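Each reported figure results from applying straightforward, stated rules to the coordinates on display, with no laboratory input. Every value quoted in this text rests on a predicted model; they were computed, and no experiment measured them. Cβ placement follows ideal geometry from the backbone for every residue including glycine, while neighbour counts extend to all protein chains displayed.
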Amino acid sequence: MKSIYELIATKRDGGELSEDEITFLVDGFTKGDIQDYQMSSFLMAAFVN
């Protein structure tokens, strides 16, 4: 599984995430394993691309 930093970079570069990667992202955020600033960075990358 990719790290949160790799997922952010994937979206930043215009890539797509797999269903497992999206599940990892959502589960990690809801459990508190992914910080607010990391999710904000991911969402900004998704919005821009």
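Brief remarks on what is shown
- Taking a ≥ b ≥ c as the square roots of the eigenvalues of the alpha-carbon gyration tensor, region 4-48 is classed oblate because a/c is 1.5 or more while a/b is no larger than b/c.
- Entry note, the chain: relative contact order of 50 percent, from Cα contacts under 8 Å with a spacing of 6+ residues.
- Neighbourhood net charge (11 Å Cβ-Cβ; Lys/Arg +1, Asp/Glu -1) for residue 43: 0
- Formal net charge of residues neighbouring residue 12 (Cβ-Cβ distance under 15 Å; K, R +1; D, E -1): -2
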